[in-house]
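Asks: Take a look at the following structure, please.
Just so you know, all these numbers are worked out from the coordinates, no wet-lab data involved. Fair warning: this is a prediction, and the values are worked out from it, not measured in the lab. With ideal geometry, Cβ positions are generated from the backbone for all residues, glycine too; neighbour counts draw on all protein chains shown.
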Amino acid sequence: KNQVEQSPQSLIILEGKNCTLQCNYTVSPFSNLRWYKQDTGRGPVSLTIMTFSENTKSNGRYTATLDADTKQSSLHITASQLSDSASYICVVSADYGGSQGNLIFGKGTKLSVKP
Amino acid sequence: NAGVTQTPKFRILKIGQSMTLQCTQDMNHNYMYWYRQDPGMGLKLIYYSVGAGITDKGEVPNGYNVSRSTTEDFPLRLELAAPSQTSVYFCASSYLERINEQFFGPGTRLTVL
């Protein structure tokens, strides 16, 4: 069964600290992996998209890594800010053909950054 | 560009009532999607559309209907609301569906009592 598991479920860190969020997946055949940021009461906003051949992709203070062999991804946040408080969702796309893309969403990691 | 807009933002329905959730995008995206997000759960795809006049079921389509008469609009219809449809509904759109990112609307929080 295609699944996306994220850990930890929630995380509290102090402003200025770094943190790493984990995503493990069992989706096959793999097409791409995306990280989204979802502020409370808002829709998800894309941070990064990685295909099979990409190991690392950065977007400002956000750096995502992908190990397609172990089916693991991580999202590293550097020098956290209060505005980083949000849920971070890992989404894996299965390549079954057709137009839907077959996105499998993780449940998200809820990050709280405290002053 | 306004991006993806959804109305209403909040709605309370009684069991058996019907309503339409509106979704509009101004990015000329071909692909549009409806998701629901239950508390503590990942988003689930309800319906999607690859262009005007073409729609297809996602993972959880029961109890919903959609139409796509224009590129811009993709309304979601609930005919007989049930408590199990209490959720937050997100509309999204994308251009090249497989690789490019999906742009999400702000969501509609629906409660069925």
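Asks: How many angstrom separate the Cα center of the range A:43-66 from the Cα center of the range B:42-113?
Replies: Centre-to-centre (Cα) distance: 25 Å.
Asks: Any cysteines in chain A with zero other Cys Cβ atoms under 4.7 Å from their Cβ? List them, or say none.
Replies: Among the cysteines of chain A, those whose Cβ sits 4.7 Å or more from every other are A:Cys19.
Asks: Further, regarding this structure: Which value, in debye to the nearest 20, gives the size of the charge dipole of chain B about its Cα centre, when Lys and Arg are +1 and Asp and Glu are -1 at the Cβ?
Replies: Values: 10 positive and 9 negative charges, 76 e Å.
Roughly 360 debye for chain B.
Asks: Take the alpha-carbon positions of chain A, form their convex hull, and give its projected area averaged over all directions (one quarter of the hull surface) in nm². Walk me through the numbers on the way to the answer.
Replies: On the way: hull surface 28.1 nm².
Mean shadow area of the hull around the Cα atoms is 7.0 nm².
Asks: A further question on this structure: Please identify every one of the trypsin sites (Lys or Arg not before Pro) in the range A:1-99 that sits in a loop by DSSP and has no more than 13 other beta carbons within 10 Å of its own beta carbon.
Replies: Details: sites: A:Lys1, A:Lys17, A:Arg34, A:Lys37, A:Arg42, A:Lys57, A:Arg61, A:Lys71; in loops: A:Lys1, A:Lys17, A:Arg42, A:Arg61, A:Lys71.
Qualifying residues, ordered by number: A:Lys1, A:Lys17, A:Arg61.
Asks: For A:Asp95, list long-range residues whose amide hydrogen, built 1.01 Å from N in the peptide plane, is under 5 Å from its own amide hydrogen.
Replies: Distant-sequence amide H within range of A:Asp95: A:Phe30, A:Ser31.
Asks: Ok, one more. Once every Cα of the protein assembly as shown carries one equal point scatterer and solvent is ignored, give the base-10 log of I(q)/I(0) from the Debye formula at q = 0.10, 0.16, 0.18 Å⁻¹, two decimals.
Replies: Result of the Debye calculation: -0.45, -1.12, -1.34.
Asks: Let me ask another. Please return the longest stretch of chain B lacking exposed loop sites, where trypsin sites (Lys or Arg not before Pro) count only if DSSP places them in a loop and at most 13 other Cβ atoms lie within 10 Å.
Replies: B:15-113
Asks: Spelling out what I want: for every residue of the range B:82-95, take phi, set θ = phi - 60°, compute 6.51 cos²θ - 1.76 cosθ + 1.60 (Karplus), and round to whole Hz; glycine and proline get x.
Replies: Ordered by residue, 3J(HN,Hα) equals 10, x, 5, 8, 5, 5, 9, 10, 10, 9, 9, 9, 8, 8 Hz.
Asks: So, one more: How large is ³J(HN,Hα), in whole Hz, for each residue of the range B:48-63 in order, when computed from phi with the Karplus curve 6.51 cos²θ - 1.76 cosθ + 1.60 and θ = phi - 60°, using x for Gly and Pro?
Replies: 9, 9, 9, x, 4, x, 10, 9, 8, 6, x, 7, 10, x, 4, x
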